[in-house]
There are 2 protein chains.
Amino acid sequence: MTLREALDQEKMDALGKHVIAELYECDREIINNQELIEDIMLEAVDLSGATIVKPAFHKFSPHGVSGMVVVSESHFSIHTWPEYGYCAVDIFTCGNLIDNHKALTHLKHRLGSKSISVVEMKRGMLDLGVELHHKPVGVK
Amino acid sequence: MTLREALDQEKMDALGKHVIAELYECDREIINNQELIEDIMLEAVDLSGATIVKPAFHKFSPHGVSGMVVVSESHFSIHTWPEYGYCAVDIFTCGNLIDNHKALTHLKHRLGSKSISVVEMKRGMLDLGVELHHKPVGVK
């Protein structure tokens, strides 16, 4: 890859992608287990190529888990309803190097979901007359 | 309000609402100030009637702030690009008692945004043949 091609990959018409996923018919025991959810989410972040900044997970009484992970490239979140076998997931990432789909496939598999629906939105479609960079040029 | 009416309000065709907001032309100094962003977000949570569970904020170098607040009713998140005057916000709440619009109006005002665009999605539209409750009946 030439330097020009590498730089071109950084040219974006939007700052990020936001994947909103509904995971149905999940394993009700798995999605009520905070430690497991935490492991599975952090694995998903890792598989996507994103970098963990701050995780925050919480178990509700009597059931349900919420978890968010701030990553360098934005965030991953999950909210689970074990009583309905349902999880709400969103993955907001910036740049062209993060593989959201790998993360989502991992979540579907590990949470035992039998069906999912996904909406993908572009975020930050700015018309400022300048080339957009999701992070300052030169910052790793 | 009768007990029946109160119970009826808890009947939902979806578990939650997810507001995805683009805030343009924000005050670039404000949206680069982690402490301010934290105050403004927690005020927005409070105004909406949601309950804070776990906040997680982070300042990037040389600029930009990411923040997430796990609330009892799901989450609030913000990611800021001071260099573009842009903030990406999402507010995911469950139940009928949270006022997302009050939260969003507060964010727009305090972040000095001159224009916003908003998409609102229903989350967890489950067809399970049972009445949906975003939290177990009887739990406050």
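Filter region B:56-86 down to residues that are of a type outside the set (A, V, I, L, M) and either without any contact (Cβ under 8 Å) to a residue 12 or more places away in the chain or more than 9 Å from chain A (Cβ to nearest Cβ) (or both), then give me how many there are.
Final tally of qualifying residues: 9.
Test A:Gly124 against the stated conditions and say whether it is farther than 17 Å from B:Pro82 by Cβ and either touching a residue at least 60 places away in the same chain (Cβ under 8 Å) or over 18 Å from the mean Cα position of the chain (by Cα) (or both).
Details: farther than 17 Å from B:Pro82 by Cβ: no; either touching a residue at least 60 places away in the same chain (Cβ under 8 Å) or over 18 Å from the mean Cα position of the chain (by Cα) (or both): yes.
Answer is no for this residue.
Of the residues A:Gly85, A:Gly67, A:Gly112, which single one is of a type in the set (Gly, Ala, Ser), over 30 Å from B:Cys26 (Cα atoms) and in contact with a helix residue (DSSP H, G or I) (Cβ under 7 Å, 6 or more places away or on another chain)?
Values: A:Gly85 fails: in contact with a helix residue (DSSP H, G or I) (Cβ under 7 Å, 6 or more places away or on another chain); A:Gly67 fails: over 30 Å from B:Cys26 (Cα atoms).
Residue meeting the stated conditions: A:Gly112.
Suppose we filter region A:17-47 for residues that are polar (S, T, N, Q) and in contact with a strand residue (DSSP E or B) (Cβ under 7 Å, 6 or more places away or on another chain); how many remain? Show your work before the answer.
Taking region A:17-47 and keeping what is polar (S, T, N, Q), we get A:32-34.
Add one more test, that the residue is in contact with a strand residue (DSSP E or B) (Cβ under 7 Å, 6 or more places away or on another chain), and what stays is A:32, A:34.
Counting residues in region A:17-47 that are polar (S, T, N, Q) and in contact with a strand residue (DSSP E or B) (Cβ under 7 Å, 6 or more places away or on another chain) gives 2.
Could you say which residue among A:Leu107, A:Leu42 is aliphatic (A, V, I, L, M), surrounded by fewer than 22 Cβ atoms within 10 Å (Cβ to Cβ) and either over 23 Å from B:Val119 (Cα atoms) or at the interface with chain B (Cβ under 7 Å from one of its Cβ atoms) (or both)? So that I can check it myself, show each step before the final result.
Values: A:Leu107 fails: surrounded by fewer than 22 Cβ atoms within 10 Å (Cβ to Cβ).
Going through A:Leu107, A:Leu42 in turn, the sole match is A:Leu42.
Could you list all residues from region A:110-140 that are more than 14 Å from chain B (Cβ to nearest Cβ) and assigned to a strand (DSSP E or B)?
The answer is none; no residue qualifies.
Go through region A:82-98 and give me each residue that's surrounded by fewer than 24 Cβ atoms within 10 Å (Cβ to Cβ) and more than 13 Å from A:Thr51 (Cα to Cα).
A:Pro82, A:Glu83, A:Tyr84, A:Gly85, A:Ala88, A:Asn96
Please indicate, with yes or no, whether at least one residue in region A:73-89 is among the acidic types (Asp, Glu) and assigned to a helix (DSSP H, G or I).
Yes, that holds for at least one residue.
Among what's in region A:45-55 and is in contact (Cβ under 8 Å) with a residue 12 or more places away in the chain and more than 10 Å from chain B (Cβ to nearest Cβ), pick the residue that is nearest to B:Pro136 (Cα to Cα).
Applying the filter and picking the extreme gives A:Val45.
Please work out if A:Asp27 is more than 22 Å from B:Met68 (Cα to Cα), acidic (Asp, Glu), outside any strand (DSSP E or B) and more than 8 Å from every other protein chain (Cβ to nearest Cβ).
Judged against the criteria, A:Asp27 is a match.
Read the figures in this text as sums done on the coordinates, not as results from a lab. This is a predicted model, so every value here is computed, not measured. Note that each Cβ is placed from the backbone with ideal geometry, even for glycine, and that neighbours are counted across all protein chains shown.
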